[in-house]
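Everything on this sheet refers to the single structure shown next.
The values are calculated or read from the model by the stated rules, or taken from the named source; none is laboratory data. Remember, predicted model here, so these are calculated numbers, not experimental data. Quick reminder, even Gly has a Cβ in these numbers, built from the backbone with ideal geometry, and neighbours come from all protein chains shown.
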Amino acid sequence: MDYRDTPEEAEFRAVLRQWLSATIPAGWDKIDDEEEAVELRKEWHRTLYRAGYVGMSWPVEYGGRGLSPVYDAILNEESGNMNAPSLPSVGYIGRAIFTYASEEQKRRFLPPLLSGEVSWCQGFSEPEAGSDLASLRTTARLEGDHYVVNGQKMWTSGGQYADWCLLLARTDPDVPKHKGISAFLVALNEPGVTVRPIVIASGEAETAEVFWDDVRIPEEQRLGAPGEGWRIAMTTVAYERGPADIGFIAAYRRTLRKVERLATERGLLEQPETRKALARAYVRGEVLRLNCMEQLSLRVSGRAPGSEGSVAKLLWAEAEQSLQHLAMDILGADELTGVADGWLSSYFTSRPVSVYGGSAQIQKNIIARMLDMPR
Amino acid sequence: MDYRDTPEEAEFRAVLRQWLSATIPAGWDKIDDEEEAVELRKEWHRTLYRAGYVGMSWPVEYGGRGLSPVYDAILNEESGNMNAPSLPSVGYIGRAIFTYASEEQKRRFLPPLLSGEVSWCQGFSEPEAGSDLASLRTTARLEGDHYVVNGQKMWTSGGQYADWCLLLARTDPDVPKHKGISAFLVALNEPGVTVRPIVIASGEAETAEVFWDDVRIPEEQRLGAPGEGWRIAMTTVAYERGPADIGFIAAYRRTLRKVERLATERGLLEQPETRKALARAYVRGEVLRLNCMEQLSLRVSGRAPGSEGSVAKLLWAEAEQSLQHLAMDILGADELTGVADGWLSSYFTSRPVSVYGGSAQIQKNIIARMLDMPR
Amino acid sequence: MLALLSDEQQMLKEVAVQIAGSAGPANPSDLHTRDRAAAWQSLAQSGLLALRTRDDEGRPVGSGVEVAVVAEALGAGLVPVPYLGSAILATELLALAGAHDEAEALAQGVSRTGVLLDRDLSALARVPGDGPTYGWDVDGAAAALALTDSPDGPQVVRVSLETGFVPVAGADLTRTLVRSDGPIGAAHLTPVGRPLSPEDLQRWEALTLTAISADAVGVMRAAVARAVAYAKERVQYGVLIGSFQAVQHMCAEAYVSAESAASATNYAAWAVDELDPTEALMAARTAKAQCAAVARDVTETVMQVFGGIGQTYEHIAHVHTRRALTDRQVFGDEGTQLLRIADVRLTGE
Amino acid sequence: MLALLSDEQQMLKEVAVQIAGSAGPANPSDLHTRDRAAAWQSLAQSGLLALRTRDDEGRPVGSGVEVAVVAEALGAGLVPVPYLGSAILATELLALAGAHDEAEALAQGVSRTGVLLDRDLSALARVPGDGPTYGWDVDGAAAALALTDSPDGPQVVRVSLETGFVPVAGADLTRTLVRSDGPIGAAHLTPVGRPLSPEDLQRWEALTLTAISADAVGVMRAAVARAVAYAKERVQYGVLIGSFQAVQHMCAEAYVSAESAASATNYAAWAVDELDPTEALMAARTAKAQCAAVARDVTETVMQVFGGIGQTYEHIAHVHTRRALTDRQVFGDEGTQLLRIADVRLTGE
């Protein structure tokens, strides 16, 4: 057991830090203009790629460096610590492609995915298929050498900025619902695709819905065999938030420091109650960090992502939401009158942490399964 | 809407207070000897009866005074306020008898029940039939003009002190489980009955288990028709903690005063945290009291006990258990080292409040039914 | 003892619920389209704005119970009109100060007046002062009431909102908030009526806390009802989500919380005019403490039951949350109330 | 980075689990019948009592991780032997003071020594003093260690438990507690070894908090496992109660709490010997704070899952609760740890 970096990891971290501090674009987080911010994130992806920081844990044959996911975690952590622009999520789309794609598809799609030339989103959920993904209704009907897609996708994170989409659609309505789904790789600029941002309660456009109206997809853009969509989706979801994606921990710690500063500015540091609450928030963050390190260690030791990730997901939601409650307690009316700019928005942004990517209730179901409790 | 006593209620309360302060046996709560304490409670029942305070809300024809349950509530409240010995629970057994019994049974059993000559307990739950009462396994086999009872009852409150028992047993194993149960009125000194106290985690004998080994019950001691046991049980359970049984509220308030004194003695009253926690406990008690008053008002207006009682039950458990947590927080090590005598026992006594008489989970199920949520 | 609404109060409730039903939003975009002026006229015509004016014998036309009944209905409907600000808080201040004509004018629905609060939204502003101050629940109001010290006690003053105040995009989407960052000078204050006694102020605070609590109860009950209704129609995994015990228990817990707040508020409402001011205020603080303790949790649980859709701006759920968060804070949050309660319980202050 | 037990540590865990399995009670009445002396001998023979003695190079024979592995196993088994008191807390004090022969004697299992705590059970007693003081986890121990001030720093002293101490029927049924109400005079103190440095004391506290946390983690994990097992065999309403989502979620929440405490404790255990004393102590306080924050809730939830039977004295559930409550309090509860953590975070103390 060792929580420290190995010499190689330490070396990697040191080089990375130096690179980050020299490379992070000054003032990037002050950009208000939406398009400019998107462009910056895409440019950051390309910059990371050129420096060899994208897809580090991918197999070498697919353009990766074959490194342990610990290196991804270090990248995540240091990016968070140094407040770099958010990292591109290439892992889960990449894994779907290099696990299920034809050689030709791999050659076509993986390089621009890694390099940031093409950005991707995931068209899985629908209005009537949220937690219950297998109930999706979007259809892809084979007509000659094309599929024709109709339906509506929802909760498509990054849909408003993406170029391509990993789409799930029902290709066979006559078989059990898990078996009639296929996966497709499709450009979002095809005729018939409409993307509409979804504004969440915070007022921010956090995600998107995508409407598909007679969209034609060449058969060779199907990923995997017909009916293999469910299996592909499960692989993708399992890797969607891998144990190396720990940027949220660094973000949590930054928020905690902000809350500590709020308490200081408001002269609340003499109150034992406030001191305890702030320390409690620190403890929650540590618990989360340490639990994720254990998860990552399991992964490094060759275990596939399992339901233990549900523990971290629940701990994260609790930590994040409690921290926003604490900020609200400290700010009092100032959060409601807008004097404390952005905090109400942060509060509302913390709410779906227990909903998206499997609600808290679903996570508890998963843990009960893991405990082998009766169905 | 009026939360005050009517003139009649006020008059009753004044007389009662005077009577209680003149009649409560001095030092009754200092009695350590178990048998002496039981004898005192029985004597208190008889004293209350002679003064007309037992069965006030029962119909006049059955020895009651036909008063509104508000008077029972006042008796409960004032007994609690003045720290009188605990009141006899005659209501639920009485209701079972005067609703389902034959005239002869009524004449035989109601007067001594009211007067305190005979004390009763309720033999419903079993080791394998707790929440799921209908699964009870104790059998009563008709042999000639007697039933022969075999089985084990558990959670029989007061079983160790009672003379008679309202017993549920399965008389027909061949019909659906709710339909094969009958109710019996049976003396606990019959041959074959063994009562064993159940000591709870606090170390106190709070309840009992009763073993039935070829116990013979004359057929005329069956209550209601064969197979009517489930209906009788449901009536009994519904009235087991009626909205007039609010003695626990006065007890809560007494405990809160004790906890306030603890905080004072320990010099914690300057801490805003402790002040808030104590005020929170006060608020919980008030919420409970006021909710019960509304329930009682509904009952007085002619509504049968409904699932709204589940709200009060959950509020009570939360209030009681939180108050014991608060006491523990104030006492720190002293609760664990026994320096603060009795508090650890009180803590453990507060735990089953969310279990006995329908667990917190069952209460929430009941509320979900009331909200007409799908099964 | 009978802790139930009378038949008349029950009828009043039905009137209020009906008005709230047509004036309240079904989703946030309705907030731009609902005819607020018409809603206000309905309230005026039904006499609901006149509850805290005084009758010929100087008694309130409607008791605290009536106020709570209406406030709960409007809270439940998320109705975007300044009922609390103008019809209750300001009207009662005017009536206590003996400014009956002005109270009457508000009751007619012709003009509206709000209240001016301190930076923390926790008390009526004391002016003149350095600010910032907030006009709260001032939709359509040209002025707000505050207090100033006078030799004979606190004096109600009118502060014009026409100059020096800017609209605030606050958390609450249903009640209007304006801010003045500059000082409110003595020259801008118009005294109204006679100075208040300490008992007047206690009574006023009891009514205020109760009315806000009732609003919060309405918000919570309606939010829970919406979540329960959704759970009965939303299908996932081939079944109604309301058939999952986890969802049932979430709803049951939220229901218990809302009902607990309602029980405390009903008593506070009765106490406003029936108990002496100290007791009435204690009951009101108890209600406000309980509402504040549960309001955030309840509306968050409701958002959780609604799942993804409940997190979106287009959905009504966060409008409940925002109004609940505001009710929680205005005139003192849970901690504030608890400390006052502790003063009474522990040191007999 | 690899936050996993090594193969050797995994083997150690299996040994400890095996001993705990035969020495721990399946129900409270076993506490009177289990052969505690035999269990102690097993621990000695397996070398588990020697972890905090020092090797030839002056390094602990077993690291904080090994200590935590054993403490967790014995906590999980509710084993009624003074492993923490004698083999960890006292042995480490002796080793730090350079009293290696005495440490060795404890490791052999021949004699046992406990620790003397202040009234609040929150720190080593400072003697001489007025008391009361508690000998904690002193089953079979003739003496307990405390601290006294010396010109060269805090000095470890041995206090005989033979006179002046009475047994206490404390909450914990598995660890022995004795009390002295009178003052502990200077005449009753035997200095042991050399005075400690501030770093020694920090290191000792880090180890102590970690070992207690590990015990609590064991208690919680075993309690949750028992509840889960019960839910898989108890039938009500014709189905296993573990098939109710409410029961599943109660178990899942308790599991998450126990695992959260375990994650914090594992790191603290590693930190004991690997980080500098300040950092190690911060990690230990974090672990203790988390354990204390969840231990009561977890064991209460377990009692709730067990339903009626879990409330009875004859059932094992409350033995978990009692040990968890004690682990929560001993050497500082959550509030105490949080305030110390806040000192570091907020004022850099």
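For the range B:155-183, filtered to residues that are among the β-branched types (Val, Ile, Thr), more than 18 Å from residue B:220 (Cβ to Cβ) and out of contact with any Phe, Trp or Tyr (no Cβ under 6 Å at 6 or more places or on another chain), the residue that is surrounded by the fewest Cβ atoms within 10 Å (Cβ to Cβ) is B:175. Scanning the range A:72-106 for residues that are of a type in the set (Phe, Trp, Tyr) and modelled with pLDDT under 95, we see that the one that is farthest from residue A:300 (Cα to Cα) is A:98. With respect to (1) modelled with pLDDT of 95 or more; (2) among the aliphatic types (A, V, I, L, M); (3) outside any helix (DSSP H, G or I), the lone exception for residue B:113 is condition (3).
Hey, which of the strands (runs of 3 or more DSSP E) in the range D:114-213, taking only ones fully inside, have at least 2 residues that are hydroxyl-bearing (Ser, Thr, Tyr)?
Output list reads D:133-136, D:143-150.
Scan the range B:2-51 for residues that are on the phi < 0 side of the Ramachandran plot and in a loop (DSSP other than H, G, I, E, B) and the total you get is 11.
Condition test on residue C:293, is it within 14 Å of chain A (Cβ to nearest Cβ), of a type in the set (A, V, I, L, M), more than 23 Å from residue A:202 (Cβ to Cβ) and part of a helix (DSSP H, G or I)? It is true that residue C:293 is within 14 Å of chain A (Cβ to nearest Cβ), of a type in the set (A, V, I, L, M), more than 23 Å from residue A:202 (Cβ to Cβ) and part of a helix (DSSP H, G or I).
In this structure, does residue A:270 turn out to be in a loop (DSSP other than H, G, I, E, B) and within 11 Å of chain D (Cβ to nearest Cβ)? Give the derivation first.
Details: in a loop (DSSP other than H, G, I, E, B): yes; within 11 Å of chain D (Cβ to nearest Cβ): yes.
So residue A:270 passes the test.
The set of residues in the range A:328-371 that are of a type in the set (A, V, I, L, M, F, W, C) and away from chain D (no Cβ under 12 Å) comprises A:328, A:330, A:331, A:333, A:336, A:339, A:340, A:343, A:344, A:348, A:353, A:355.
Selection of the range B:189-208 for residues being assigned to a strand (DSSP E or B), touching a residue at least 24 places away in the same chain (Cβ under 8 Å) and facing chain D (nearest Cβ under 10 Å) yields B:198, B:200, B:205, B:206, B:207. Looking only at the range C:1-37, which residues are among the basic types (Lys, Arg) and either free of Cβ contacts under 8 Å to residues at least 60 places away in the same chain or within 14 Å of another protein chain (Cβ to nearest Cβ) (or both)? Scanning the range C:1-37 gives C:13, C:34.
For the range C:267-290, filtered to residues that are surrounded by fewer than 24 Cβ atoms within 10 Å (Cβ to Cβ), within 14 Å of chain B (Cβ to nearest Cβ) and out of contact with any Phe, Trp or Tyr (no Cβ under 7 Å at 6 or more places or on another chain), the residue that is nearest to residue C:321 (Cα to Cα) is C:282. Within the range A:91-150, restricting attention to residues that are surrounded by fewer than 16 Cβ atoms within 10 Å (Cβ to Cβ) and within 14 Å of chain C (Cβ to nearest Cβ), the residue that is farthest from the chain's Cα centre (by Cα) is A:137.
Screening residue D:263 with (1) farther than 20 Å from residue B:357 by Cα; (2) of a type in the set (S, T, N, Q); (3) in contact (Cβ under 8 Å) with a residue 12 or more places away in the chain gives one miss only, at (3).
A quick yes/no check of all residues on (1) closer than 30 Å to residue B:102 by Cβ; (2) buried (at least 18 other Cβ atoms within 10 Å of the Cβ):
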position	(1), (2)
B:239	yes, yes
B:243	yes, yes
B:249	no, yes
B:254	no, no
B:260	no, yes
B:267	no, no
B:280	no, yes
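Every residue, every condition in (1) farther than 25 Å from residue D:307 by Cβ; (2) in contact (Cβ under 8 Å) with a residue 60 or more places away in the chain; (3) out of contact with any Lys or Arg (no Cβ under 7 Å at 6 or more places or on another chain), yes or no:
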position	(1), (2), (3)
B:87	yes, yes, yes
B:98	yes, no, no
B:111	yes, no, yes
B:121	no, yes, yes
B:128	no, no, no
B:133	no, yes, yes
B:138	no, yes, no
B:141	yes, no, yes
B:156	no, no, yes
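Just one residue in the set D:192, D:224 is over 22 Å from residue D:91 (Cβ atoms) and either surrounded by 18 or more Cβ atoms within 10 Å (Cβ to Cβ) or under 27 Å from the mean Cα position of the chain (by Cα) (or both); that residue is D:224. Within the range D:224-245, residues that are away from chain C (no Cβ under 12 Å) have Cβ atoms under 9 Å from residues that are assigned to a strand (DSSP E or B) and surrounded by 15 or more Cβ atoms within 10 Å (Cβ to Cβ) in these pairs: D:231/D:240; D:232/D:240; D:233/D:240; D:234/D:240; D:236/B:129, counting only partners at least 6 apart in sequence or on another chain. Only one entry in C:29, C:42 is closer than 21 Å to residue C:108 by Cα and either out of contact with any helix residue (DSSP H, G or I) (no Cβ under 8 Å at 6 or more places or on another chain) or part of a helix (DSSP H, G or I) (or both), namely C:42. Based on what the data block shows, is residue C:170 in contact (Cβ under 8 Å) with a residue 24 or more places away in the chain and crowded, with 22+ Cβ neighbours inside 10 Å? Here the answer is yes, as residue C:170 does meet what is asked. The set of residues in the range C:329-348 being touching a residue at least 40 places away in the same chain (Cβ under 8 Å) and more than 9 Å from chain A (Cβ to nearest Cβ) consists of C:331, C:332, C:334, C:336, C:337, C:338, C:340, C:341, C:344. Please determine, by comparing only the residues of the range C:254-265 that are more than 7 Å from chain B (Cβ to nearest Cβ) and not β-branched (Val, Ile, Thr), which one is farthest from residue C:5 (Cα to Cα). If we take residues in the range C:254-265 being more than 7 Å from chain B (Cβ to nearest Cβ) and not β-branched (Val, Ile, Thr), then C:254 is farthest from residue C:5 (Cα to Cα).
Of the set (1) closer than 30 Å to residue D:270 by Cα; (2) without any contact (Cβ under 8 Å) to a residue 24 or more places away in the chain; (3) under 19 Å from the mean Cα position of the chain (by Cα), all apply to residue A:4 but (3).
Might you check whether a residue that is within 18 Å of the chain's Cα centre (by Cα) and either within 18 Å of residue A:287 (Cα to Cα) or within 14 Å of chain B (Cβ to nearest Cβ) (or both) occurs anywhere in the range D:297-311? Taking every residue of the range D:297-311 in turn, at least one turns out to be within 18 Å of the chain's Cα centre (by Cα) and either within 18 Å of residue A:287 (Cα to Cα) or within 14 Å of chain B (Cβ to nearest Cβ) (or both).
Within the range A:239-251, can you find the residues that are assigned to a helix (DSSP H, G or I) and modelled with pLDDT of 75 or more?
Quick first cut of the range A:239-251, residues assigned to a helix (DSSP H, G or I) only: A:239-240, A:247-251.
Scanning the range A:239-251 gives A:247, A:248, A:249, A:250, A:251.
Of the residues B:297, B:322, B:350, only one is surrounded by fewer than 23 Cβ atoms within 10 Å (Cβ to Cβ), among the small types (Gly, Ala, Ser) and without any contact (Cβ under 8 Å) to a residue 12 or more places away in the chain; which? Spell out how you get there, then give the answer.
On the way: B:322 fails: without any contact (Cβ under 8 Å) to a residue 12 or more places away in the chain; B:350 fails: without any contact (Cβ under 8 Å) to a residue 12 or more places away in the chain.
Just one listed residue meets the conditions, B:297.
The lone criterion from (1) charged (D, E, K, R); (2) under 26 Å from residue D:279 (Cβ atoms); (3) in contact with a helix residue (DSSP H, G or I) (Cβ under 7 Å, 6 or more places away or on another chain) left unmet by residue D:194 is number (3).
One residue alone among C:130, C:137 is away from chain A (no Cβ under 14 Å) and of a type in the set (Asp, Glu), and that residue is C:130.
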